[in-house]
1. Show the residues, 5+ positions off or on another chain, whose built amide H is closer than 5 Å to the amide H of Thr91.
2. What stretch of the chain, leaving out the sites themselves, is the longest with no chymotrypsin sites (Phe, Trp or Tyr not before Pro) in a DSSP loop having at most 14 other Cβ atoms within 10 Å?
3. So what J values fall out for the range 40-49 if you push phi through Karplus, 6.51 cos²θ - 1.76 cosθ + 1.60 with θ = phi - 60°, rounded to Hz, Gly and Pro as x?
4. Among the lysines, which fall within straight-line cross-link reach of Lys43, defined as a Cα-Cα distance under 28 Å, with same-chain neighbours fewer than 8 residues apart omitted?
5. Ignoring ligands, DNA and RNA, what accessible area per residue does the range 4-86 give at 1.4 Å, in Å²?
6. Mind listing the phi-derived Karplus ³J(HN,Hα) values for the range 85-102, rounded to whole Hz, using 6.51, -1.76 and 1.60 with θ = phi - 60°, and x for any glycine or proline?
7. With each label point set 7 Å from Cα along the Cα-Cβ vector, what nm distance links Ser7 and Thr113?
8. Collect residues whose amide H, placed 1.01 Å from N in the peptide plane, falls under 5 Å from the amide H of Ile101; neighbours closer than 5 in sequence don't count.
Amino acid sequence: QVQLVESGGGLVQPGGSLRLSCAASGFTSDHYTISWFRQVPGKEREGVACIASSAGYTYYADSVKGRFTISRDSAKNTVYLQMNSLKPEDTAAYYCATDLIVGTAFCSFVGMTHWGEGTPVTVSS
């Protein structure tokens, strides 16, 4: 059974940090592109960050570049999103997803077939 489970969300003050986790099961996530998305009510889902399968390629949305870092821990079959210098505009439900296509060298925010349930992040003073 392919499953993705997000955790690590919560309430944080502006300028603070959170680290989100995306725990994979039923497949070896190192072989696949994993992406983070976020969504707020009334807006379309936004691709935030992506890490490719084997090339080490990463991509970040302009809105988070320089503040967020995506990484893998192969031993734990987990992908992380380290979020620093958080802003109120970062408030959203955050989701991880994969297209389950082996060996993708570059990232894409389209074609995701497997999603987690999401973890909420609120940035407020």
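The values are calculated or read from the model by the stated rules, or taken from the named source; none is laboratory data. Everything quoted here is computed from the prediction, not taken from an experiment. Don't worry about glycine lacking a Cβ; one is built from the backbone with ideal geometry, like all the others, and counts go over all protein chains shown. To get the accessible areas, we keep the full protein, side chains included, count just its heavy atoms, and leave off ligands, DNA and RNA. Shrake-Rupley method; radii C 1.70, N 1.55, O 1.52, S 1.80 Å.
1. Answer set, sorted by chain and number: Val123.
2. In the chain, the maximal stretch lacking such sites is 1-56.
3. 10, x, x, 10, 6, 4, 10, x, 9, 7
4. Lys65, Lys87
5. Counting only protein heavy atoms, the per-residue value for the range 4-86 is 48 Å².
6. 6, 5, 10, x, 5, 7, 4, 4, 8, 9, 10, 10, 7, 9, 8, 6, 10, 6
7. 2.7 nm
8. Thr33
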